[in-house]
1. Report yes if some residue within segment 60-75 is closer than 22 Å to Ala121 by Cα, in contact (Cβ under 8 Å) with a residue 60 or more places away in the chain, in contact with a helix residue (DSSP H, G or I) (Cβ under 6 Å, 6 or more places away or on another chain) and not in a loop (DSSP other than H, G, I, E, B); otherwise report no.
2. From the list Leu177, Leu165, Leu153, exactly one residue is modelled with pLDDT under 90, in contact with a helix residue (DSSP H, G or I) (Cβ under 8 Å, 6 or more places away or on another chain) and farther than 30 Å from Ala71 by Cβ. Which is it?
3. Please go through segment 1-20 and pick out each residue that is within 15 Å of Asp99 (Cβ to Cβ), open to solvent by 10 Å² or more (accessible area, probe 1.4 Å) and touching a Leu at 6+ places or on another chain (Cβ under 9 Å).
4. Output the number of residues of segment 34-60 satisfying the condition of being under 17 Å from the mean Cα position of the chain (by Cα) and surrounded by fewer than 17 Cβ atoms within 10 Å (Cβ to Cβ).
5. Among the numbered conditions (1) under 20 Å from Leu111 (Cα atoms); (2) without any contact (Cβ under 8 Å) to a residue 40 or more places away in the chain, tell me where Ile16 comes up short.
6. Quickly run through segment 181-215 and pick out the residues that are at pLDDT below 90 and either touching a strand residue (DSSP E or B) at 6+ places or on another chain (Cβ under 9 Å) or part of a loop (DSSP other than H, G, I, E, B) (or both).
7. Taking segment 11-27 as the region of interest, how many residues are in a loop (DSSP other than H, G, I, E, B) and either of a type in the set (Asp, Glu) or more than 30 Å from the chain's Cα centre (by Cα) (or both)?
8. Which of (1) touching a helix residue (DSSP H, G or I) at 6+ places or on another chain (Cβ under 7 Å); (2) under 26 Å from Asp133 (Cα atoms); (3) in contact (Cβ under 8 Å) with a residue 60 or more places away in the chain is the odd one out, the single condition Tyr38 does not satisfy?
Amino acid sequence: MPVIIGMDPHKRSATIEIIDSNAKILATGRYGTDTGGYDEMFTAARRFPQRVWAIEGCNGVGRHVAHRLIADGETVIDVPAKLSAQVRVFATGNGRKTDPVDAHSVALAALRLPNLRRVQADPELVALGLLVDRRDELGRARTELLNRIHRLLLELIPGGAKRFLSAMQARALAEALEPGDAAAAVRLRLVTELIDDLEVVDRKPKPRTKNSNNW
């Protein structure tokens, strides 16, 4: 049997544990997900010619590293987070999470349940996922800007501004204000700069998706 490389992935790091068919731990490690860290992790895995990568959350935070491994010709299976959590409880007697414990639980889950889904890197699905992620990022950036504008306007206008505020409405409110002291003047300048940023975000074209007939 090939060894199983269980992985607990994060955006900037990945913790792995390599086990054999008897669940004996052969190697462990924590690596960055930048190019250098990925190369180090891949070099450590090459010690075992027959290997399968088991990654928690290949549709979520583990997707980026899973697709890199597939592009390098590796076999990757997806371990659902709920499954690895159940294995963690049985393996440790509690649900306490640490990166090494999670990597161990993922590896054990893949060993005990050999019919888990193998990850396929469909280029169209990958592209669609990138577009969806970008749209989510723009949405979060806009929400953060609006929240900061609201906080400052609350200190400049009694009662603040209405909840749903466009960039044009926010600018109209800001232009009508007369700061009474140095602190109010700085707040007003910051509001104006944030409104400028909000207008930039609103001008960015929305990422096109297949369902919008612009694929």
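The values are calculated or read from the model by the stated rules, or taken from the named source; none is laboratory data. Predicted model, so just to flag it, every value in this text is computed and none were measured. A quick note on method: Cβ atoms are made from the backbone with ideal geometry, for glycine too, and the neighbour counts reach across all protein chains shown. With ligands, DNA and RNA removed, areas are computed over all heavy atoms of the protein, side chains included. Shrake-Rupley method; radii C 1.70, N 1.55, O 1.52, S 1.80 Å.
1. no
2. Leu165
3. Answer for segment 1-20, where residues must be within 15 Å of Asp99 (Cβ to Cβ), open to solvent by 10 Å² or more (accessible area, probe 1.4 Å) and touching a Leu at 6+ places or on another chain (Cβ under 9 Å): just Glu17.
4. Looking only at that region, the number is 3.
5. Checking Ile16 against (1) under 20 Å from Leu111 (Cα atoms); (2) without any contact (Cβ under 8 Å) to a residue 40 or more places away in the chain, the one that fails is (2).
6. Within segment 181-215, Lys204, Pro205, Lys206, Pro207, Arg208, Thr209, Asn213, Asn214, Trp215 qualify.
7. Residues that pass the stated criteria total 4.
8. Condition (3) is where Tyr38 drops out.
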